[in-house]
1. Using only the alpha-carbon atoms, how far is helix 19-40 inclined from the longest principal axis of the chain? Give it as 0 to 90 degrees, nearest 10.
2. So between residue 293 and residue 132, what do we pick up on full extension, going 0.36 nm a residue minus the alpha carbon distance?
3. By DSSP, what percent of the beta bridges with both residues in the chain are antiparallel, rounded to the nearest 5?
4. State the extension gain, in nm to one decimal, for the chain segment bounded by residue 50 and residue 286, taking 0.36 nm per residue of separation less the distance between their alpha-carbons.
5. Given 0.36 nm per residue, what is the gain on full extension from residue 260 to residue 212 after removing their alpha carbon distance, in nm?
6. Work out the P(r) tail for segment 82-192: percent of alpha carbon pairs separated by more than 21 Å, whole number.
7. Against the globular-protein guess of 2.2 N^0.38 Å, express the Cα radius of gyration of segment 219-311 as a ratio, rounded to two decimals.
8. Compute the separation of the alpha-carbon centres of segment 136-170 and segment 49-69 and state it in Å as a whole number.
């Protein structure tokens, strides 16, 4: 009878490894383990040489966290609001391309809109779940990117916003709406300067007024002003605070809306943190599905030209 539950079968002495064999087996396993470790860890010697790494400073300190030195979806100019929250439940899907002299990006986005309190309050969620990017060597090095070939894919940040109608349909005064938005730190590929891997938020007030051109067409003008803040990796200035602004004009009929907008924000760090964009947005409205076509031209600290197309499903409560 055995003293314990673990019964070891008898093994012929000739099958047991000798001392030399044991040493050889240990050396072989050590060599295999080191080989896997070397192959699994990327060699950043090229990056260390280009950026004169001092061997101590964390690599993210070499990044310039601003829209001029990151991908097009990292720190974009927020939507320019028109003074009224959306009054319909919507689910939108879009896909398109951003092009700049050194960075080409293909992406897709999802938006969910849910109104409450008879359209006086709207909750929205937005995300770019996937993007594919390709940077040239010059852009890679200017941005201090650690992705050697400058190609890959990334997942984006999730935005949550609340839009509140403060004044609506007044006979004299314009419509007024308040927006409060939060950006999560869910984006990936910080080393490729695609997303910042840090949270942000913005708040804005928008003012808008509609006028009838004739029985078929309406004209709406609006302006927006607010505050935009995002985190950086600069140990002396961990946060960049920006003035957010925008204005636009919409021309609409029963089944069509054309929006032309100009907006951006200006930070206090002056490190490429003052993007400016012009947007021309087309919405072809049908009974249950709207067709979307958006064009954007960037200026100053945002060098991308963008075009996106998609669909918007009107969901009934």
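1. In the chain, helix 19-40 runs at an angle near 20 degrees to the longest axis.
2. 55.9 nm
3. 100 percent
4. Separation in residues times 0.36 nm, less the Cα-Cα distance, equals 79.5 nm.
5. Extra length from residue 260 to residue 212 when fully extended: 15.5 nm.
6. Looking at segment 82-192, the distances longer than 21 Å represent 52 percent of pairs.
7. Compared with the compact-globule rule of thumb, segment 219-311 sits at 1.33.
8. Here the two parts' Cα centres lie 19 Å apart.
Each value in this text was obtained by applying a stated rule to the coordinates, not by laboratory testing. Every value quoted in this text rests on a predicted model; they were computed, and no experiment measured them.
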